[in-house]
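Notes to accompany the following structure.
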Amino acid sequence: MDSTGEVPEAGAVAGEMRQDEARRGGREQSAPQVLLLFAHPAYERSRANRALLEAARTLPGVLVHDLYETYPDFGIDVAAEQRLLAAAPAVVLQHPLYWYSAPALVKEWLDLVLQHGWAYGHQGHALDGKRLLSVVTAGGPRSAYGSTGANRFTLPELLRPFEQTARLCRMHWLPPFAVTGVHGMSDAELEASVALYLEALSFVSGEAPAEVDLASHELLNDLLEGDAARRRRGEPSIRREG
Ligand SMILES: Cc1cc2nc3c(=O)[nH]c(=O)nc-3n(C[C@H](O)[C@H](O)[C@H](O)COP(=O)(O)O)c2cc1C
């Protein structure tokens, strides 16, 4: 929430129409917990991101903001984007991995929206303390991402520019969430990834318990899968009740 406590106006961004989702979840007038920035230049052909996004849309407290839908001509409304960011304590950036990075509109968005004196610098504190979760889908399997794999670097290594951007803006960077090997993925595997993604969104919408060592997990997937295994064994979960 911003310093005025205001949520962004409905329709503040052309094509941005998801304020009603928060209301459907009984959160009328309350700010979304998670702003989900989504970027896919060919959503009509998407399988993986479509499945993830459709599930995310069902969660109360998640405001989905589709950047390519809103700005097909890259004409980003900087003030409207800043209002959306200011109102959300947690931000998710979801996109397919394109050339070991994000689709082009994400770069344009970063270049324009994260202004000096607003997002960073001595006077720029609008994003201080907000959580940022990077969510990527990748054609390559997880085994291809590492020093011995075809892609030579781990996904967190490749996402370092996003991590450092977040840190410069004094945001709280979480281990990324990744759905890898999407091209050969069965429907059942994709469903399992969607279920884990819902856990990730629930995790990012709250403060991580102090005892969770986030840095020791390469991906948030690892932490959540470990937690699910603990729950199956009847051991205490890292998740807070309620
Ligand atoms: C332009 C382009 C670049 C891509 N670059 C990568 C890449 O660097 N690494 C990778 O694993 N997959 C790469 N892919 C594959 C996409 O990540 C994959 O098609 C996408 O995650 C599938 O998600 P979707 O079903 O939502 O489209 C690339 C695909 C395209 C079209």
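General observations
- Condition broken by A138, with the remaining ones in (1) free of Cβ contacts under 8 Å to residues at least 60 places away in the same chain; (2) within 22 Å of A31 (Cα to Cα); (3) surrounded by 14 or more Cβ atoms within 10 Å (Cβ to Cβ) satisfied: (2)
- Being acidic (D, E), at pLDDT 95 or above, more than 16 Å from the ligand (Cβ to nearest atom) and crowded, with 20+ Cβ neighbours inside 10 Å is not true of E16.
- Scanning the range 91-127 for residues that are more than 13 Å from the ligand (Cβ to nearest atom) and farther than 19 Å from V78 by Cβ gives V92, H122.
- Scanning the range 65-122 for residues that are assigned to a loop (DSSP other than H, G, I, E, B), surrounded by fewer than 19 Cβ atoms within 10 Å (Cβ to Cβ) and hydroxyl-bearing (S, T, Y) yields a single hit, Y100.
- Qualifying residue in the range 200-211 (condition: crowded, with 16+ Cβ neighbours inside 10 Å, over 24 Å from V91 (Cα atoms) and without any contact (Cβ under 8 Å) to a residue 60 or more places away in the chain): no
- Considering the range 38-61, and only residues there that are assigned to a helix (DSSP H, G or I), free of Cβ contacts under 8 Å to residues at least 12 places away in the same chain and not acidic (D, E), the residue that is surrounded by the most Cβ atoms within 10 Å (Cβ to Cβ) turns out to be R50.
The values are calculated or read from the model by the stated rules, or taken from the named source; none is laboratory data. A quick note: this is a predicted structure, and the numbers were derived from the prediction, not measured. Every residue, glycine as well, gets a Cβ built from its backbone with ideal geometry; the counts of neighbours run over all protein chains shown.
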